[in-house]
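Working notes, structure below.
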Amino acid sequence: MELYEHLLKRESEGNPIRLGLVGCGQMGSGLVHVTGKMAGMNTVAISDLDVNRPLAELKSMGIPDSEIRVTSDPGEAEDALAKGKYLVTENALLLTQLENLDVLVEATGYTEIGAEVAWNCITNQKNIVMLNVETDVTVGVFLSRMARRTNCIYTVASGDEPGVCKMLYDFACTIGFEVVCLGKGKNNPLNHYATPDSCREEAESKKMNPKMLASFQDGTKTMVEMAAVSNATGLVPDMPGMRGPKVDLEELVNVFIPEKDGGILSKRGCVDYSTGKVAPGVFAVVCTDEPRVIFDMKFLSMGSGPYYMFYRPYHLCNIETPIAAAEAVIYKETTVIAKTMVSEVVSMAKRALKVGETIQGIGSADIFHQVYTYEEARAKKSIPMGIAPGGKALTDISRGEMLTEDNFAPDASSFVYKLRQMQDALLETEGK
């Protein structure tokens with residue numbers, strides 16, 4: 001039965017998927033409105049440190065105060081949901097314990113919160129969908145394997161670039177093509193040294209958080225997204241930070257191919273991005289050596305081969321995320337998971353850091369990030385992106401210099417650090 005038909009059936013039976021949301025920012029708040037219009041699913045519980053944000057979203061949807069319960073008490077929360085009311089709470093971990101929720105979406109973007117929420121969901125055998133890709137590229141291997149052992153679903157969301165790229169990858173591989181390069185469009189030029197202050201005016205004009213826009217401009221978001229794709233597919237960055245040329249859509253198939261065939265790649269099987277006119281789309285450059293397939297592809301106006309491009313001109317972020325939640329509950333299927341660590345997102349100094357300074361995280365004025373192969377990152381003793389926030393410089397670190405175990409100490413008391421240590425130990429025993 002098709003997914004939509006399953007949802008219609010649940011709606012008709014009065015048994016919609018009950019979704020809990022952690023983080024009611026730009027992405028999370030939009031998701032609430034999407035599920036409010038869907039058949040067979042509804043966001044019935046929202047956690048945010050500022051409860052006024054979820055309250056404002058629910059009220060904007062016409063939900064009266066009498067139908068909303070604000071509490072962090074587990075018994076009161078379960079009672080409210082059992083009676084068909086909406087739950088709002090400051091306590092994210094409360095949602096991981098509630099029997100009256102079928103699936104959670106984590107949408108904070110903070111690795112510490114993401115790691116705690118995912119861990120507690122899996123411990124309680126509750127399905128978890130990560131709009132928080134930053135957490136996945138840090139500890140996703142450990143979390144996905146833990147989820148399999150406890151018989152629940154841990155997955156990165158559909159809609160964001162990793163999910164849409166994986167969709168193209170699966171499509172191409174299923175019909176026998178080799179994926180030469182899997183990539184995305186980046187909608188602004190790369191500026192490693194963008195800060196919240198440097199992009200504040202633009203951010204405010206777009207009603208964005210300046211730190212979020214800085215994380216787009218400095219490349220962090222692109223590095224995170226393509227690292228997640230790499231860890232899910234086995235494709236690799238062709239060089240540290242990837243190549244990221246300015247290539248428009250019609251030229252992708254001529255550029256993201258091996259050098260020997262006139263392109264820029266040193267090998268087949270890469271992840272990358274373009275700053276040309278590609279965003280908000282994602283693409284797969286594929287190839288085949290089968291003469292009949294080449295003949296048919298030419299007949300179908302796909303070019304003369306042997307390289308071809310599959311392209312999806314959009315990704316809808318939080319708008320599509322409910323699909324991953326529905327598939328997790330109904331089919332017990334994942335959208336994107338890290339099979340192993342193929343790529344690592346490492347931390348670099350955005351400004352000169354002084355010994356003893358405590359470092360802020362993604363989108364701050366302190367650090368930007370680049371993707372490396374996991375092996376190269378380990379050899380350089382680099383600090384993974386997700387465990388850098390809250391750590392301290394052990395020495396003076398120059399602008400543009402990599403944070404390493406020799407010059408930087410992560411906050412060893414953080415939960416995500418401890419989880420990362422467990423993941424590292426697991427991969428070491430596997431020979432990684």
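Quick one: is Glu344 modelled with pLDDT of 95 or more, touching a helix residue (DSSP H, G or I) at 6+ places or on another chain (Cβ under 7 Å), closer than 24 Å to Thr155 by Cα and surrounded by fewer than 14 Cβ atoms within 10 Å (Cβ to Cβ)?
no
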Inset, instruction - Using the structure shown, decide if Gly391 is free of Cβ contacts under 8 Å to residues at least 12 places away in the same chain and farther than 26 Å from Leu21 by Cβ. - result: no
Inset, instruction - Using the structure shown, decide if Lys184 is under 25 Å from Ile367 (Cβ atoms), of a type outside the set (A, V, I, L, M, F, W, C) and modelled with pLDDT of 95 or more. - result: yes
Inset, instruction - Give the number of residues within segment 6-40 that are surrounded by fewer than 16 Cβ atoms within 10 Å (Cβ to Cβ) and acidic (Asp, Glu). - result: 1
Inset, instruction - Scan segment 258-286 residue by residue and report those that are aliphatic (A, V, I, L, M), in contact with a Phe, Trp or Tyr (Cβ under 7 Å, 6 or more places away or on another chain) and buried (at least 23 other Cβ atoms within 10 Å of the Cβ). - result: Ala284, Val285, Val286
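Got a sec? Which of Asn231, Asn318 is under 17 Å from Glu161 (Cα atoms), open to solvent by less than 50 Å² (accessible area, probe 1.4 Å) and out of contact with any strand residue (DSSP E or B) (no Cβ under 7 Å at 6 or more places or on another chain)?
Step by step, each of Asn231, Asn318 is checked, and only Asn318 is under 17 Å from Glu161 (Cα atoms), open to solvent by less than 50 Å² (accessible area, probe 1.4 Å) and out of contact with any strand residue (DSSP E or B) (no Cβ under 7 Å at 6 or more places or on another chain).
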Inset, instruction - For Leu19, state whether it is farther than 23 Å from Glu99 by Cβ and either assigned to a helix (DSSP H, G or I) or not basic (Lys, Arg) (or both). - result: no
Inset, instruction - For segment 243-254, indicate whether the set of residues that are polar (S, T, N, Q) and modelled with pLDDT under 95 is non-empty. - result: no
Legend entry - Test result for Asn42, within 25 Å of Asn209 (Cα to Cα) and at pLDDT 95 or above: no
Inset, instruction - Take segment 373-396 and flag every residue that is surrounded by fewer than 24 Cβ atoms within 10 Å (Cβ to Cβ), outside any loop (DSSP other than H, G, I, E, B) and either in contact with a Gly (Cβ under 8 Å, 6 or more places away or on another chain) or not acidic (Asp, Glu) (or both). - result: Thr373, Tyr374, Ala377, Arg378, Ala379, Ser382, Lys392, Ala393
Inset, instruction - Only residues that are assigned to a loop (DSSP other than H, G, I, E, B), among the aliphatic types (A, V, I, L, M) and under 17 Å from Ala349 (Cα atoms): list them for segment 400-432, please. - result: Leu403
Inset, instruction - Report, ordered by the first and then the second residue, all pairs with beta carbons closer than 9 Å, sequence separation of six or more or different chains, a first member in segment 405-418 that is closer than 14 Å to Leu353 by Cβ, and a second member that is basic (Lys, Arg) and assigned to a loop (DSSP other than H, G, I, E, B). - result: Asp406/Lys381
Legend entry - Options Lys432, Lys418; residue that is open to solvent by 70 Å² or more (accessible area, probe 1.4 Å) and either over 24 Å from Ala338 (Cα atoms) or modelled with pLDDT of 95 or more (or both): Lys418
Legend entry - Selection count where residues are outside any strand (DSSP E or B), open to solvent by less than 40 Å² (accessible area, probe 1.4 Å), over 17 Å from Tyr154 (Cβ atoms) and of a type in the set (A, V, I, L, M), scope segment 59-97: 5
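The values are calculated or read from the model by the stated rules, or taken from the named source; none is laboratory data. In this text the structure is predicted, and so the values were computed from the model without any measurement. Cβ sites come from the backbone with ideal geometry, for glycine too, and all protein chains shown count toward neighbours. Just the protein is used for accessible areas: all its heavy atoms, side chains included, with ligands, DNA and RNA removed. Shrake-Rupley method; radii C 1.70, N 1.55, O 1.52, S 1.80 Å.
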